[in-house]
Amino acid sequence: MIYQKSKRGNTNFFDELDYYMELSRNIGKKTRDYLCKLKASSDPLLFMEGGLDGGTLGPDDTIESILKYSTITFGYGGLHELTMLHSKKRLSEDDSFAIETMKHINDNINRYKEEDHILWAIYGTPGESWLPLACDQFVKEFGEFKGITDNGFFTNSFHMHVEDDITPIEKINKESVFFPLSKGGCICHVRIPSIAPEMNKGVKDIIKYSMSLGMYQSVNHAQNRCTDCGNHWVGDDSLDFEENYTCPKCGSLNTIGIRRMNGYLGFSKTTQGKTKFNDGKMNEFKMRNNI
């Protein structure tokens with residue numbers, strides 16, 4: 001959204017980015033000032049009983065002394081869509097502008113630390129509800145962009161787009177360059193079609209390789225459970241709703257579907273036939289390749 005605003009107004013993208021980072025910076029500072037006034041009795045376990053380092057304060061003490069160890073984070077998402085707007089290429093094809101953008105953000109963050117004496121950080125945000133909302137807001141402001149906004153969601157943080165035809169190792173390699181630029185929080189996900197015992201070595205190799213690059217890695221699969229007969233089976237995101245969630249053992253639709261949606265596990269179906277995901281995120285997981 002910041003990029004498209006700069007393009008429409010014929011302004012420099014990085015100047016616009018600086019403006020919005022300053023807005024966020026001021027909000028964070030005001031939030032911290034408010035928190036500094038809270039008393040330790042607001043959370044005795046954390047602030048009075050040693051839950052946090054230095055958390056042995058009296059009930060009427062403020063928690064300001066503890067907050068010097070706390071971070072305030074800038075979250076971001078949509079690097080894939082930013083790249084598409086800038087170069088007409090996918091993030092998996094050309095990450096140069098995304099890296100330039102993240103280095104610019106990091107430079108600002110490091111300067112803020114020196115000036116504010118606050119542990120500012122950068123978080124690669126999962127954005128389960130925010131990124132579909134951001135996509136809707138973009139369309140209202142700037143209109144539809146084919147291949148960018150017509151899916152109903154923007155891509156999580158620095159992740160490759162879910163439709164990219166790449167292997168798990170390729171995905172890890174492409175996302176690893178963004179880990180040092182998202183020190184306040186980052187994770188790489190790969191998906192596998194099943195959890196059969198013969199895949200154990202492959203899963204271990206994926207995790208070991210990712211760890212060798214210093215990454216925080218997850219390996220996910222689609223899991224279903226029948227609440228009538230107790231059967232567990234591996235789901236298939238590509239099938240239609242009823243076929244995907246019908247128990248292959250007893251034929252019941254009283255089933256639960258669990259999927260990894262960006263950063264967290266959630267219910268793609270409950271026993272009432274409902275999903276916990278919004279429309280944008282349902283579109284995302286239906287579009288996924290097994291990566």
Flagged in the range 55-71 as open to solvent by less than 40 Å² (accessible area, probe 1.4 Å) and either within 24 Å of the chain's Cα centre (by Cα) or at pLDDT below 95 (or both), in numbering order, are GLY55, ILE66, LEU67
Filter the range 216-237 down to the residues that are at pLDDT below 85 and either open to solvent by 60 Å² or more (accessible area, probe 1.4 Å) or out of contact with any strand residue (DSSP E or B) (no Cβ under 8 Å at 6 or more places or on another chain) (or both) and list them by number.
ASP236
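Quick grid of which residues meet (1) in a helix (DSSP H, G or I); (2) open to solvent by 50 Å² or more (accessible area, probe 1.4 Å); (3) at pLDDT 95 or above; (4) over 17 Å from THR73 (Cβ atoms):
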site: ASP15; (1), (2), (3), (4): yes, yes, yes, yes
site: TYR19; (1), (2), (3), (4): yes, yes, yes, yes
site: SER24; (1), (2), (3), (4): yes, yes, yes, no
site: GLY28; (1), (2), (3), (4): yes, no, yes, no
site: SER41; (1), (2), (3), (4): yes, yes, yes, yes
site: GLY51; (1), (2), (3), (4): no, no, no, yes
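Would you pick out the residues in the range 166-215 that are part of a helix (DSSP H, G or I) and open to solvent by less than 60 Å² (accessible area, probe 1.4 Å)? Talk me through it step by step, then tell me what you get.
Of the residues in the range 166-215, the ones part of a helix (DSSP H, G or I) are 168-176, 179-181, 197-212.
If the condition is that a residue be part of a helix (DSSP H, G or I) and open to solvent by less than 60 Å² (accessible area, probe 1.4 Å), then PRO168, LYS171, ILE172, GLU175, SER176, PHE179, LEU181, MET199, GLY202, VAL203, ILE206, SER210 are the ones that fit.
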Exactly one condition in (1) surrounded by fewer than 18 Cβ atoms within 10 Å (Cβ to Cβ); (2) under 16 Å from the mean Cα position of the chain (by Cα) is not met by GLU115; state its number.
(2)
Quick check on the range 219-236. Is at least one of its residues touching a His at 6+ places or on another chain (Cβ under 6 Å) and farther than 30 Å from SER252 by Cβ?
no
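Does PHE153 meet the test of being outside any strand (DSSP E or B), open to solvent by 30 Å² or more (accessible area, probe 1.4 Å) and either among the β-branched types (Val, Ile, Thr) or within 21 Å of SER129 (Cα to Cα) (or both)? Outline the logic, then answer.
Details: outside any strand (DSSP E or B): yes; open to solvent by 30 Å² or more (accessible area, probe 1.4 Å): no; either among the β-branched types (Val, Ile, Thr) or within 21 Å of SER129 (Cα to Cα) (or both): yes.
No, not satisfied.
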Restricting to the range 134-150, and then to whatever is in contact with a helix residue (DSSP H, G or I) (Cβ under 8 Å, 6 or more places away or on another chain) and in a loop (DSSP other than H, G, I, E, B), can you tell me which residue is modelled with the lowest pLDDT?
GLY147
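The values are calculated or read from the model by the stated rules, or taken from the named source; none is laboratory data. Since we're looking at a predicted model, the values are computed, not measured. Cβ sites come from the backbone with ideal geometry, for glycine too, and all protein chains shown count toward neighbours. For the accessible areas, the whole protein counts, side chains as well, though only heavy atoms, and no ligand, DNA or RNA atoms are used. Shrake-Rupley method; radii C 1.70, N 1.55, O 1.52, S 1.80 Å.
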